[in-house]
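No lab work stands behind these numbers, since they all come straight from the coordinates. Because the structure is predicted, anything quoted here is derived from the model rather than measured. Because the Cβ atoms are built from the backbone with ideal geometry, glycine has one as well, and the counts that use them run over all protein chains shown.
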Amino acid sequence: MAAISRLYRTDAIVLSRFELGEADRVLTLLTPHFGKLKAIARGVRKPTSRLGGSLEPFAELHLLLARGRTFDVVTQVSIEHAWLHLREQLGPTAVAWYVAELADRAIEERHEAMAIYSLLRRAYVLLDAGMAEGRVARWFEMRLADELGIQPELDRCVECDRPLEPGEPLLWVPSLGGVLCARHPEPPAERLSLSTGALKVLRAYRRADIEALAALRLPPEVEAEVESAMRMHLRHHLDREPRSRAFLDEVSRRA
Ligand SMILES: [Zn+2]
């Protein structure tokens, strides 16, 4: 009986992986019901491996796992969705790594993570469908912040709680949780000045669904401002800059 209860099935998305020993690979998986977990794929780097090419990132997998002492063990894999288009270009690929890393850092191992699994899955579907990767990234950041209970305050000053007036000078202060009005002397050093245009776009990301956001025409400088604001916000609340961010910046520079 023990042998039966050791095995379990789950959907999973590979968040990251590293090579172990001669032929093994350790995967960090995100699953809907078991949250984030590490699993080992034994012998996966041998050319004869049955698991071989299937255990890739940017795909929704169906796995049969055996509970193990250190890592659970992948015993069978089938691919449910392979988001092949998103891998064809560098921009969407970089965003796919970035959102996976944000998801990885946002959740603890073995905590239920259905909402974040759904978010990540949706982000991959959108990237695969060719939606502008910057829009997908900002949408994911805002939804993730919402799921984690760290959504930025966008309507009232975080210090005096006054509703913000159109056109007034504003600061973006992640350590205070959102937008600060100009009435407060000596604001924290980690801040940006925020234009009314960028504030409107941030509110749109909070409110609107992704299809509506994809259709918005935005000046590049406003998009850049929104990107900096969300990046600063998540870096503050998730402690440090995601590693994949550097890759993403490199890709943007080349574009
Ligand atoms: Zn204020």
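Summing charges over neighbours of residue 92, with a neighbour being any other residue whose Cβ is under 9 Å away from its Cβ, gives -2 when K and R count +1 and D and E count -1.
Simple spin-label estimate for residue 191 and residue 69 gives 5.5 nm between the two label positions (7 Å along the Cα-to-Cβ direction from each Cα). Packing order of peptides 50-57, 34-41, 134-141, highest average first: 134-141, 34-41, 50-57 (average count of other Cβ atoms within 10 Å over each peptide's residues).
Excluding residue 78 itself, calculate the net charge of residues whose Cβ lies under 15 Å from the Cβ of residue 78, where each Lys or Arg counts +1 and each Asp or Glu counts -1. Around residue 78, the surrounding residues sum to -2. Take the Cα of residue 208, step 7 Å toward its Cβ, do the same at residue 151, and the gap between the two points is 1.7 nm. For region 59-190, the Kirkwood estimate of hydrodynamic radius, built from reciprocal distances between every pair of different alpha carbons, is 17.7 Å. By DSSP, the beta bridges lying fully in the chain are antiparallel in about 90 percent of cases. For the chain, averaging the sequence separation of C-alpha pairs within contact (under 8 Å, six or more residues apart) and dividing by the residue count gives a relative contact order of 15 percent.
Here r is the Cβ-Cβ distance between residue 110 and residue 217 and R0 is 35 Å; the resulting FRET efficiency, rounded to 0.05, is 0.20. Given +1 at the Cβ of Lys and Arg, -1 at the Cβ of Asp and Glu and no other charges, the dipole of the chain around its Cα centre is 840 debye to the nearest 20. Taking Cα atoms only, the orientation of helix 114-128 departs from the longest principal axis of the chain by about 90 degrees. Note: region 1-114, Cα convex hull, 115 Å³ per residue. Built from the Cα atoms of the chain, the convex hull projects on average onto 15.9 nm², one quarter of its surface area.
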